[in-house]
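The values are calculated or read from the model by the stated rules, or taken from the named source; none is laboratory data. Remember, it's a predicted structure, so these values are computed and weren't measured experimentally. So basically every Cβ, Gly included, is an ideal-geometry build from the backbone, and we count neighbours across all protein chains shown.
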Amino acid sequence: MAAAQRTEVLVVGGGVIGLAVAWRARSLGREVTVLERDAAGQATSRVAAGMIAPVAEVEFGAAGRRLLDLGLRSAELWPEFAAELREATGVDVGFRRTGTLLLAADADEAAELERQLEFRRSLGLDVRRLAPSAARELEPALAPALRMALEVPDDHSVDPRRVVEALRAACLATGVTLREGTTAERLEVREGRVEGAVLAGGERLGAGTVVCAAGPWSGAIEGLPEDARLPVRPVKGQIMRLRDPHGPGLLERVVRYTGGYVVPRGDGRYMLGATVEERGFELGATAGGAYELLRDAHELLPGIAELEIEELCTGLRPGTPDNLPAIGPGALEGLLWATGHHRNGILLAPLTAELLAGLLDGRASGEDDAALIEACDPARLRSERAGAAAL
């Protein structure tokens with residue numbers, strides 16, 4: 001076999017996470033190569049809704065609190081991240097300070113929203129209770145049958161397709177080598193250290209550090225010993241891209257409700273999502289999925305029936321057992337993980353890139369960053385895999 005080519009940092013996966021990590025690694029002066037099996041950003045990232053919504057997304061339990069801490073920190077980074085991308089590439093990523101409305105359609109859902117309100121207040125988060133009339137003053141298209149709403153003013157959104165476009169351009173402009181249509185068939189491991197990857201066709205590419213950012217495919221990566229792999233699985237989601245032929249105006253804010261959400265893009269387009277399906281790597285769109293999305297949205301937003309369907313998209317989220325990402329060192333030297341972001345890849349992209357850049361640069365992290373790195377330490381998932389294997 002021919003001698004391997006070599007790069008300082010090899011990023012496996014060219015979605016929004018992999019591109020963000022590559023861009024930041026390149027800013028450190030590192031030689032960076034990205035391997036992407038298809039076209040950069042055209043898998044999970046392309047069909048994401050783009051909500052920057054740590055407060056609306058927060059869940060009960062210890063894992064939910066850790067995810068909230070990660071999300072709040074990354075949300076703080078997003079305005080500067082978006083501005084930096086625009087300055088570097090001229091691409092506006094569609095960062096919109098819209099806020100979110102959480103909606104209840106009946107008495108049971110209103111009771112649950114009250115519980116959610118108290119939970120968020122107990123965490124010191126800015127959430128406001130709205131009467132139905134007040135919610136309809138903010139968003140007149142909401143149905144009169146609305147029972148209750150919560151306003152989350154600090155949640156925002158971006159357009160993931162523009163984010164991918166900007167990150168790809170930023171990587172290329174700064175000298176990142178982007179190899180699209182290139183599959184890493186397996187990682188090369190020698191004497192307990194990851195030293196690169198073997199590509200389809202047998203080409204070898206050596207690396208000082210390999211960053212695995214392969215999204216839902218991360219758990220199936222070949223070459224690693226069993227105890228060094230992570231239990232990352234694909235979680236299917238179906239989402240609709242809708243367009244108002246008359247332009248923007250139906251909604252200004254993101255709305256969320258039992259069964260889904262609607263995210264306005266600001267140009268007359270709306271993302272309606274999303275199903276959560278444990279179907280492995282199956283990607284087929286279904287009539288049932290489309291029906292459920294439209295049915296649930298129409299109850300609270302009747303005007304959605306007048307929109308045109310541009311796309312019915314499917315994608316695979318990278319899920320972990322606790323729905324927290326894996327960001328940080330692997331079990332073997334030379335390996336870093338940046339995967340398992342589930343529904344929060346867009347939200348957590350700036351923070352993931354910042355944390356990985358710190359690890360690559362050997363910078364001593366402050367107390368806050370150390371706590372965030374601990375929250376998403378991949379070692380917790382390796383321990384869980386080992387425990388399951390022992391049963």
Review point. Would a scan of region 342-360 turn up a residue that is closer than 30 Å to PRO140 by Cα, in contact with a helix residue (DSSP H, G or I) (Cβ under 6 Å, 6 or more places away or on another chain) and either modelled with pLDDT of 95 or more or of a type in the set (Ser, Thr, Tyr) (or both)?
Key: yes
Check your understanding: Looking at ARG128, ARG120, ARG115, ARG147, which is the one that is closer than 28 Å to GLY64 by Cα, of a type outside the set (A, V, I, L, M, F, W, C) and without any contact (Cβ under 8 Å) to a residue 24 or more places away in the chain?
Key -> ARG115
Review point. Between residues in region 309-327 that are closer than 20 Å to ASP69 by Cβ and residues that are among the acidic types (Asp, Glu), which pairs lie under 6 Å by C-beta distance while being six or more apart or on different chains?
Key: PRO321/GLU384
**Study point:** Filter result (within 15 Å of ARG295 (Cα to Cα) and in a loop (DSSP other than H, G, I, E, B)) within region 247-280
**Key:** THR258, GLY259, ALA274, THR275
Practice item. Starting from region 158-179, keep only residues that are part of a helix (DSSP H, G or I), then list their pairs with residues that are among the basic types (Lys, Arg) whose Cβ atoms are within a distance under 8 Å, requiring at least 6 positions of separation or different chains. Key: PRO160/ARG46; ARG161/ARG46; VAL164/ARG46; ALA166/ARG86; CYS171/ARG26; THR174/ARG26
Check your understanding: Of the numbered conditions (1) assigned to a strand (DSSP E or B); (2) touching a Pro at 6+ places or on another chain (Cβ under 8 Å); (3) more than 18 Å from VAL232 (Cβ to Cβ), ILE309 satisfies every one except a single condition; which is it?
Key -> (2)
Check your understanding: Can you tell me which of VAL152, VAL176 is more than 25 Å from LEU307 (Cα to Cα) and in the same structural domain as GLY345 (by TED's automatic domain parsing)?
Key -> VAL176
**Study point:** Condition check for ALA104: surrounded by 18 or more Cβ atoms within 10 Å (Cβ to Cβ), hydrophobic (A, V, I, L, M, F, W, C), closer than 18 Å to VAL262 by Cβ and in contact (Cβ under 8 Å) with a residue 12 or more places away in the chain
**Key:** yes
Check your understanding: Any residue in region 113-123 that is within 26 Å of ALA305 (Cβ to Cβ) and polar (S, T, N, Q)?
Key -> no
Revision key, fill the gap. Picking from LEU283, LEU293, LEU316, the residue that is touching a strand residue (DSSP E or B) at 6+ places or on another chain (Cβ under 7 Å), of a type outside the set (Phe, Trp, Tyr), in a loop (DSSP other than H, G, I, E, B) and at pLDDT 95 or above would be LEU283
Exercise for review: Can you give me the ranges of the strands (runs of 3 or more DSSP E) entirely in region 1-106 with at least 3 residues that are small (Gly, Ala, Ser)?
Suggested key: none
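For every residue, the table says whether it meets (1) in contact with an Asp or Glu (Cβ under 9 Å, 6 or more places away or on another chain); (2) small (Gly, Ala, Ser).
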{"position": "TRP23", "(1), (2)": "no, no"}
{"position": "LEU28", "(1), (2)": "yes, no"}
{"position": "GLU36", "(1), (2)": "yes, no"}
{"position": "ALA39", "(1), (2)": "yes, yes"}
{"position": "ARG65", "(1), (2)": "yes, no"}
{"position": "LEU70", "(1), (2)": "no, no"}
{"position": "GLU87", "(1), (2)": "no, no"}
